[in-house]
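This report refers to the structure that appears directly beneath it.
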Amino acid sequence: MHGSASMAVCAVFHKLCRFSKRLAKMTIQSECVIPARNYSQTQTLSSLRWDLSPEQIQIRTEELIERISNMYNDIGSVVIEDVCVENILKPLAMAKLDLASSRHVLDFPQYVCPSKDIRAASTRADKKLSEFDVEINMREDVFNRLIVLQTKSQNNLGHEEKRFLDRLVTLGKRSGLHLTKDTQEEIKTISKKISELSIEFNKNLNEDNTCLVFTERELGGLAETYINGLEKTVNGRYIVTLEYPHYYPLMKRCHIPETRRKMETAFHSRCKEVNTEILEQLIELRAKAADLLGYSSHANYVLEMNMAKNASNVSDFLDAFYEVVKPIGNKERKYILALKKRECLMKGYSYDGQINAWDLPYYMNQVEQFKFAVNKDKLIEYFPLEVVTEGLFGIYQELLGLTFTEVQQAEVWHENVKLFSAHDTETGEDIGQFYLDLHPREGKYGHAACFGLRPGCRGFDGKRQIPVAAMVANFTKPRRGWPSLLQHHEVETYFHEFGHVMHELCSKATFAEFSGSQVEMDFVEVPSQMLENWVWEKEPLRRMSRHYKDGSSIPDNLLDKLISSRVANTGLMNLRQVVLSKVDQCLHTSTTAKTADVFGKYCQEILGVPATPGTNMTASFSHLAGGYDAQYYSYLWSEVYSMDLYFSRFKEEGIMNSKIGREYRRIILEAGGSADGMDMLKTFLGRVPRQDAFFHCKGLVPSPEI
């Protein structure tokens, strides 16, 4: 996901009544004093604009902060005896809706805008708004009135209204509003510093433009399509950036170890000095805030709101997972060492008897070629981006009962960006809009993510507000007569991130607080991970592939080999996820940490691969400063559940079964965070979730064979 470095994602058990009608029925006392401000008219939303100047971004940021501050002032001034739903819960919902609906035109451009000045202005806006978040979340006057309202209204609220109120009270306590004034001020100061450092960490990564220069010989083994896409220096050498379309193919295909070593070293040295310092400050500050709030660690503070509940449960999950995966990973490691030894003998390289970090992706790719005979040079020719997009759209539309239409002459932030509208196929209901920004450029967010830009919830007029989302990726640009051709893993990434887009667009929550991906962090990846399965099935693969030259279909034998390769390297790939999850948990159950040492320790112990000397992977591990702190385990956690959803329903009842697809849309996507993730899983599955499907699908069952 995502998202701001992470971003990130569920079932309607009760029909959602119109917000205004339900609130009208929720008056707790006969005379409820309502603030003079007309909250339903506070903000009239217009189309999102992307032509704001740095000065306009600053002005609109200040206006938004002033507007929301005034709303909170009104709420905080309500006489305690007069507290009711109409003067507390409703205006708070309106304030949160206004803030969520207005801020992203201000803080999103830092990730995508071509102008460095506008990116800088957007980053400043993000810092101001994040500091403001801390301020309003620590309004003790508002919190005290919520406590009173909670006592008064226990039996007078609907399911989602009660969930919203209880959440606000819980978040108030988690901000320390039940503690002394001095402690509150200390927590507020720390929270603002954490926010500022996190934004700076990711800004540094976004602005990094490191590149390396190689001769054609040094790029031995790379495909013609790759070489043709590179810029050249004046003396004819090739310029290779650290962007995904350059880095990953080189690491997987280049048979010159020294080239791979240089790339791996540069990639995991990005922003090393500055971001290592920032990350280690963040760890100390998070631990200090957790201690002030009465938690034994930052991890336990964060996990309280997740399905996992605490660090002990996460540790147990990772340890049990590791025990299942470890023997498979050991066998894969031995096989890779044998491949390396063989290649060193054949090519005259010295054999050091170990798998280095720059060896792993290369030899994992070799495993796919030797064991599964997947010809990636040939395979990529069948996945031009335009064809993949057409097929992906068709699958999602059929499955979820939607129709996508491109918006012509839409206002966008770059000429390569497209805007689409989504409608319900049967009713014609306007579901939402989404942007696609799919190619790398200088200063752009370097990963793949979905950004929610406007929540799908009840609006100021009581009707559903139309949500807006953006998918940002970095697929190879078309150039010099070559279309943009995707590796299969990029097709999988596309399917995954677009799943997040659908989660944002299909949302029908009442409150912005529960819109789209506003779910538990260890549930946020479930919907999109579940949808990845379609890129491993024949029918969907045929629908989103066609040879870029003659339009021919992928040959059956190539398709069969691709599908069977799903189990290739799953031991080592999942061990790497365990490494990253363990690193994250270790850092956030500690008060201080030497981040490079922690990563090196787990990399060696669990993966059996030493970290490259002089590097620090965690300095570019954007999840740690992008909302996944103490929560990276959620990728593994949620994938286990996503496989159960897919194999127990879609695989059993038909992967293109639109009836099941619409049920999935209704139960999982529309609800957002208005229900607990576990309850949604049980509703869709008709039982308690199980782990069997995950281990089966990934081939993670010990056997005599590799």
- Tell me, yes or no, whether region 655-672 has at least one residue that is surrounded by 18 or more Cβ atoms within 10 Å (Cβ to Cβ), small (G, A, S), modelled with pLDDT of 95 or more and closer than 25 Å to E304 by Cβ. yes
- List the pairs whose first member sits in region 532-543 and is within 20 Å of V501 (Cβ to Cβ) and of a type in the set (D, E), whose second member is open to solvent by 30 Å² or more (accessible area, probe 1.4 Å) and at pLDDT 95 or above, and whose Cβ atoms are under 9 Å apart, counting only residues at least 6 apart or on separate chains? E532/E492; E532/T493
- Message: Take the conditions at pLDDT 95 or above and either part of a helix (DSSP H, G or I) or open to solvent by 60 Å² or more (accessible area, probe 1.4 Å) (or both) and apply them to S296. Does it pass?
- Response: yes
- Message: Pull out all pairs, ordered by first then second residue, where Cβ-Cβ is under 9 Å, the residues are six or more apart or on different chains, the first lies in region 313-332 and is modelled with pLDDT of 95 or more, and the second is crowded, with 17+ Cβ neighbours inside 10 Å and among the acidic types (D, E).
- Response: V314/D522
- Message: If T612 meets every condition in (1) of a type outside the set (A, V, I, L, M); (2) in a helix (DSSP H, G or I); (3) over 18 Å from the mean Cα position of the chain (by Cα) apart from one, which number is that one?
- Response: (2)
- Task: With respect to L531, determine if the residue is open to solvent by less than 40 Å² (accessible area, probe 1.4 Å), touching a His at 6+ places or on another chain (Cβ under 9 Å) and within 23 Å of Y247 (Cβ to Cβ).
- Result: no
- Message: So in region 405-441, with the set limited to residues that are open to solvent by less than 40 Å² (accessible area, probe 1.4 Å) and in contact with a His (Cβ under 8 Å, 6 or more places away or on another chain), which one is farthest from G654 (Cα to Cα)?
- Response: R441
- Query: Could you list, in sequence order, the residues of region 48-93 that are out of contact with any Cys (no Cβ under 9 Å at 6 or more places or on another chain), of a type in the set (A, V, I, L, M, F, W, C) and not in a helix (DSSP H, G or I)?
  - Reply: L48, L52, V79
- Go through (1) in contact with an Asp or Glu (Cβ under 6 Å, 6 or more places away or on another chain); (2) in a loop (DSSP other than H, G, I, E, B) and name the single condition G673 misses. (1)
- Message: List pairs: first residue in region 137-163 and over 25 Å from I68 (Cα atoms), second residue of a type outside the set (A, V, I, L, M) and outside any helix (DSSP H, G or I) anywhere in the structure, Cβ distance under 6 angstrom, at least six positions apart or on different chains.
- Response: H159/H14
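The values are calculated or read from the model by the stated rules, or taken from the named source; none is laboratory data. What you see is a predicted model; the values in this text were computed from it and never measured. Don't worry about glycine lacking a Cβ; one is built from the backbone with ideal geometry, like all the others, and counts go over all protein chains shown. Quick note on the areas: whole protein, heavy atoms, side chains included, nothing else; ligands and nucleic acids left out. Shrake-Rupley method; radii C 1.70, N 1.55, O 1.52, S 1.80 Å.
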